[in-house]
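The block underneath contains the structure these notes are about, expressed in structure tokens.
The values are calculated or read from the model by the stated rules, or taken from the named source; none is laboratory data. Predicted model only: the values in this text are computed from it and were never measured. A quick note on method: Cβ atoms are made from the backbone with ideal geometry, for glycine too, and the neighbour counts reach across all protein chains shown. These area figures cover heavy atoms from the full protein model, side chains too; ligands, DNA and RNA do not enter into them. Shrake-Rupley method; radii C 1.70, N 1.55, O 1.52, S 1.80 Å.
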Amino acid sequence: MDLDNALASLDNAEADISMSKADLDQVQLELDYTTVTSPIAGYISERFVDVGALVGPGVNSKLAAVVKSDTVLVDFKMTALDYLRAERRNIKFGTQDTTRSWQPTVSVTLADNSEYPVKGVVDFADPIVDPQTGTFGVRAELANPNQKLLPEQFTRVKLLLDVRERAIVVPRKAISIEQGGVFIYIIRRDNVAEKRFVQTGPEIGNNIVIERGLGENESVVIEGYHKLVPGMLVRPVQAGDDKAIEAYREEAGE
């Protein structure tokens, strides 16, 4: 009889222990909910709610803002025309094409008109165009090791959409315009001046791209072309050769 009572008491005690463990697990779970761990490393803002305030769905749920310290995301808009131009160059936003010698990189200009030294790449493009503005959203990721870029900061963005490979450029001052079109003077291998009409392309700084009319390794006159006439025999001097230029001027009495 005493053994039966003892076994019954043991069963009750073990049941109490199991219930206590379950209560402990529930309390531990509720306690864990009071600790919120950031999923990313970075800098945290000032808290948005006071200690002891009720938070959760339907009430204040945002405790603070955490900003990644090493990278930033830059959001900007592009037009449908820009998209078509990118398509012509086989650019797929959000993907890297390892077969291309260049990538569509993003550069950022800061409020003081200085250019941020690190370039980024587009990692996302919205597939839907806003019918009211004719634009779609694009996002680029940039490294931010020194925290020079801040969240919600406004910047000017330039996106590289095209690269002219093996393009022929000449200084702008070598270009002349007359009623017949745009022309330059070149010096043939026999040192004879030739007037050459050309088709120009975009300007890059003080240089202009020549689309047609000029081949590689041809000598272009950049100074003194106003003294030339087609077919004139000349003695060319390489640009930048100060000694040769000075000697020529002394000989010409300039």
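Structure summary
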item	result
Some residue of segment 154-161 being in a strand (DSSP E or B), under 30 Å from Gln238 (Cβ atoms) and in contact (Cβ under 8 Å) with a residue 40 or more places away in the chain	no
Residue match in segment 3-18 (condition: closer than 30 Å to Asn146 by Cβ, of a type in the set (D, E, K, R) and surrounded by 10 or more Cβ atoms within 10 Å (Cβ to Cβ))	no
Looking only at segment 152-196, and only at residues there that are touching a strand residue (DSSP E or B) at 6+ places or on another chain (Cβ under 7 Å) and of a type in the set (S, T, N, Q), the one that is farthest from Asn113 (Cα to Cα)	Asn191
Residue in segment 32-53 that is more than 30 Å from Lys119 (Cβ to Cβ), open to solvent by less than 100 Å² (accessible area, probe 1.4 Å) and of a type in the set (D, E, K, R) present	yes
Qualifying residue in segment 58-76 (condition: open to solvent by less than 50 Å² (accessible area, probe 1.4 Å), at negative phi and of a type in the set (Asp, Glu))	no
Output for segment 122-153, where each listed residue is of a type outside the set (D, E, K, R), part of a strand (DSSP E or B) and at pLDDT 85 or above	Thr135, Phe136, Gly137, Val138, Ala140, Leu142, Ala143
Options Arg100, Arg156, Arg164: the member that is closer than 30 Å to Ile184 by Cβ and surrounded by 12 or more Cβ atoms within 10 Å (Cβ to Cβ)	Arg164
Criterion violated by Val234 - all others in (1) open to solvent by 70 Å² or more (accessible area, probe 1.4 Å); (2) at pLDDT below 85; (3) β-branched (Val, Ile, Thr) satisfied	(1)
Residue check, Arg89 in contact with a Leu (Cβ under 7 Å, 6 or more places away or on another chain), at pLDDT 85 or above and either loosely packed, with under 12 Cβ neighbours inside 10 Å or not aliphatic (A, V, I, L, M) (or both)	no
Residue match in segment 193-212 (condition: under 22 Å from Pro236 (Cα atoms), more than 35 Å from the chain's Cα centre (by Cα), touching a residue at least 40 places away in the same chain (Cβ under 8 Å) and in a strand (DSSP E or B))	yes
